[in-house]
Amino acid sequence: MKNKEHTRHVRDTVVKKFKAGFGYKKISQALNITRSTVQAIILKWKEYQTTANLPRPGRPSKLSAHTRRRLIRDAAKRPMITLDELQRSTAEVGDSVHRTTISRILHKSGLYGRGARRKPFLKDIHKKCCLKFATSHLGDTPNMWKKVLWSDETKIELFGNNAKRYVWRKSNTAHHPEHTIPTVKHGGGSIMVWACFSSAGTGKMVKIDGKLDGAKYRTILEENLMESAKDLRLGRRFVFQQDNESKHKAKSTMEWFKNKHIQVLEWPSQSPDLNPIENLWKELKTAVHKCSPSNLTELELFCKEEWEKNSVSPCAKLIETYPKRLTAVIAAKGGATKY
């Protein structure tokens, strides 16, 4: 139980006796208050030159300092723990508080709720290979990376989860047609595209019809790879980057590269963080969904239009900062990075 606060008169009397030369023990006996209280009153008077109550920061916390530390420790050790779980754990030790109180405590310690990034599952062998790649290429010159033609495939949905939009509206108008995004079952379909880019800008983009196999992949390369390299003025000694999917590494495909005298960059498996085209994919999908395509034909059209709109500047920036990407992979020991 909290002790009753002493009156201003009592506090003034304590200071008066202290000035008169009385010690803590004698003041305590004379006024029938504890020695620790006498000491606290005098220390406060020495620091602030007053015995009056000073402005306080607000209502005292419902949670003890121990419980607050425990909350912060639990959230730091288990990042995916929910507010409900934290609320139940505090209730178990006798501290029942609202979720917003817990959230506020975590915010003060620098912990905020954020959407978890989705990253490929990496086995130890994947991390080892990524680390080896980053370490071996960290000393490469900027001109080397300018000679690389990066490539990849990606799926773009007509009405995907990425189509999150904010609208200005009044209350009770959430379901008005102008305030909603149309969705259909199973995402409304999607398209698969292949594309490439270099520090000089974006190359060709191709829609992939049906399942992509080795033969279809070689056709895409035959019709678009050399032309892209020529448009981007990479010269004859450029380096081509692709991931390690079976259709990319098929014997007939590697023979095609050999016959065309195209150098292929040795690439570690499960390493999207190392491929800067992933950044362009993210920007592309955001831009395309803002165009609100209503069918797959429009989706393909908008994809190609937005891809061609990419200026040289962002492409050059991605390659210019590539050494930082390698450094981040090394720091993460081959694991996932912010890239």
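The values are calculated or read from the model by the stated rules, or taken from the named source; none is laboratory data. Please read these numbers as outputs of a predicted model, since none were measured by experiment. Cβ atoms come from the backbone with ideal geometry, glycine included; neighbour counts cover every protein chain shown.
May I ask you to say which residue of Leu225, Leu221, Leu212, Leu234 is in the same structural domain as Glu283 (by TED's automatic domain parsing), within 25 Å of His289 (Cβ to Cβ) and aliphatic (A, V, I, L, M)?
Leu212
Considering the range 1-44 alone, what residues qualify as being acidic (Asp, Glu) and within 51 Å of the chain's Cα centre (by Cα)?
The one that is acidic (Asp, Glu) and within 51 Å of the chain's Cα centre (by Cα): Glu5.
Checking Tyr24 against (1) modelled with pLDDT under 90; (2) among the hydroxyl-bearing types (Ser, Thr, Tyr); (3) touching a helix residue (DSSP H, G or I) at 6+ places or on another chain (Cβ under 6 Å), which single condition isn't satisfied?
For Tyr24, the exception is condition (1).
State whether the residues of the range 298-310 include one that is over 23 Å from Leu149 (Cα atoms), touching a residue at least 24 places away in the same chain (Cβ under 8 Å), in the same structural domain as Ala134 (by TED's automatic domain parsing) and surrounded by fewer than 18 Cβ atoms within 10 Å (Cβ to Cβ).
There is no residue in the range 298-310 that is over 23 Å from Leu149 (Cα atoms), touching a residue at least 24 places away in the same chain (Cβ under 8 Å), in the same structural domain as Ala134 (by TED's automatic domain parsing) and surrounded by fewer than 18 Cβ atoms within 10 Å (Cβ to Cβ).
This table checks each residue for (1) touching a strand residue (DSSP E or B) at 6+ places or on another chain (Cβ under 7 Å); (2) assigned to a helix (DSSP H, G or I); (3) within 25 Å of Glu5 (Cβ to Cβ); (4) of a type in the set (Ser, Thr, Tyr).
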residue	(1), (2), (3), (4)
Gln39	no, yes, yes, no
Leu54	no, no, yes, no
His66	no, yes, yes, no
Asp74	no, yes, no, no
Met80	no, no, no, no
Ala91	no, yes, no, no
Asp95	no, no, yes, no
Leu106	no, yes, no, no
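Please go through the range 221-246 and pick out each residue that is closer than 20 Å to Trp267 by Cα and in a helix (DSSP H, G or I).
Listed by number, the residues that qualify are Leu221, Leu225, Ala229, Ser246.
Of the numbered conditions (1) touching a residue at least 24 places away in the same chain (Cβ under 8 Å); (2) outside any helix (DSSP H, G or I), Gly110 satisfies every one except a single condition; which is it?
(1)
Does any residue in the range 52-76 that is more than 30 Å from Val10 (Cα to Cα) come within less than 6 Å, Cβ to Cβ, of a residue that is at pLDDT below 80 six or more places away or on a different chain, and which pairs are these?
Leu63/Asp95; Thr67/Asp95
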